[in-house]
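See below for the structure under consideration.
The values are calculated or read from the model by the stated rules, or taken from the named source; none is laboratory data. The shown structure was predicted, so the numbers you read here are calculated from the model rather than taken from an experiment. Ideal geometry is used to build each Cβ from the backbone, glycine not excepted, and the neighbour counts take in all protein chains shown. Calculation scope for accessible area: heavy atoms of the full protein, side chains included, ligands and nucleic acids excluded. Shrake-Rupley method; radii C 1.70, N 1.55, O 1.52, S 1.80 Å.
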Amino acid sequence: AQTVTQSQPEMSVQEAETVTLSCTYDTSESDYYLFWYKQPPSRQMILVIRQEAYKQQNATENRFSVNFQKAAKSFSLKISDSQLGDAAMYFCAYTEETSGSRLTFGEGTQLTVNP
Amino acid sequence: EAQVTQNPRYLITVTGKKLTVTCSQNMNHEYMSWYRQDPGLGLRQIYYSMNVEVTDKGDVPEGYKVSRKEKRNFPLILESPSPNQTSLYFCASSLRGLVLYNEQFFGPGTRLTVL
């Protein structure tokens, strides 16, 4: 079974600084998708960024970017110029292209942004 | 407004008393799914449905039932709830399965407490 691991239960960053959240996963598949979701205190699940495994280029969405290392099965999220509104729980998630349906989440990383 | 709705948002019940959490989406999505979120475990998929009358088990289906008689609705049924089913539950939907990547839209969550 596929597993997703986030080894940092909590992280903190100063406002305007950069922080990187780590995620590793285990799979025998070659085609899959990876995601980062944000869950603010409202509990809403918000998709931050996604990465297709067949793409070598790292995905970027404004201040959010990923470092996708396929061989190492690593998928970290970098948040630049951190803002107070970035404070949330962040989940890494994985799905296989072949299954097309099962989404596996990591344990989550609670990010605090200090003013 | 395109959305996924869940009811109730909060529920406190007692062991063994059957309950249903409703989920409805107004986006004509084919794919729907239920997750539970527990501290330190992230979100785990309970059941999913690729279309009407098509459902399949996720990672933690024990103690739960689902049905998909209409495209828009995907209720989660706990026939005999137990305290270990105390959790935060999310319903999600997407246009199709994730094979061609379609973003999953999440409902607001249902906080269930089983005494």
For chain B, percent of DSSP beta bridges that are antiparallel (nearest 5) comes out at 90
The Cα extents of chain A along the principal axes, largest first and rounded to whole Å, are 43, 27, 21
Over the protein assembly as shown, one equal point on each Cα, no solvent: what is log10 I(q)/I(0) by the Debye formula at q = 0.11 Å⁻¹?
-0.55
A:V48 long-range amide H proximity, modeled H, under 5 Å:
A:W36, A:Y37, A:K38
Quick one: 3J(HN,Hα) in Hz for segment A:34-49, Karplus 6.51/-1.76/1.60 with θ = phi - 60°, rounded, Gly and Pro as x.
10, 9, 10, 10, 10, 10, x, x, 5, 6, 4, 9, 10, 6, 9, 6
Neighbour net charge for A:A93 - beta-carbon separation under 13 angstrom, K R +1, D E -1:
0
Accessible surface, per residue, of the protein assembly as shown when the full set of protein chains is kept, probe 1.4 Å, Å²:
47
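Just want to confirm a number: the relative contact order over chain B, from Cα pairs under 8 angstrom separated by 6+ residues, in percent.
Details: 303 pairs, mean separation 40.9, N = 115.
Contact order relative to length: 36 percent.
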Estimated D of segment B:6-67 in µm² per second, where Rh is the Kirkwood radius over Cα pairs and Stokes-Einstein applies at 20 °C, 1.002 mPa s:
163
Dipole magnitude of the protein assembly as shown, debye to nearest 20 (Cβ charges: Lys/Arg +1, Asp/Glu -1, about Cα centre)
660
Using a Förster distance of 35 angstrom, determine the FRET efficiency expected from the C-beta separation of A:Q14 and B:R96, and round it to 0.05.
0.25
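What percent does the relative contact order of chain A come to when contacts are Cα pairs within less than 8 Å and at least six residues apart? Could you put the intermediate results ahead of the total?
Details: 281 pairs, mean separation 42.9, N = 115.
Contact order relative to length: 37 percent.
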Which residues' amide hydrogens lie under 5 Å from the amide hydrogen of A:S12, considering only partners 5 or more residues apart or on another chain, with H built in the peptide plane?
A:T112
Label point 7 Å out from B:E70 along Cα-to-Cβ: which residues of segment B:4-39 have amide N under 19 Å?
B:4-9, B:20-34
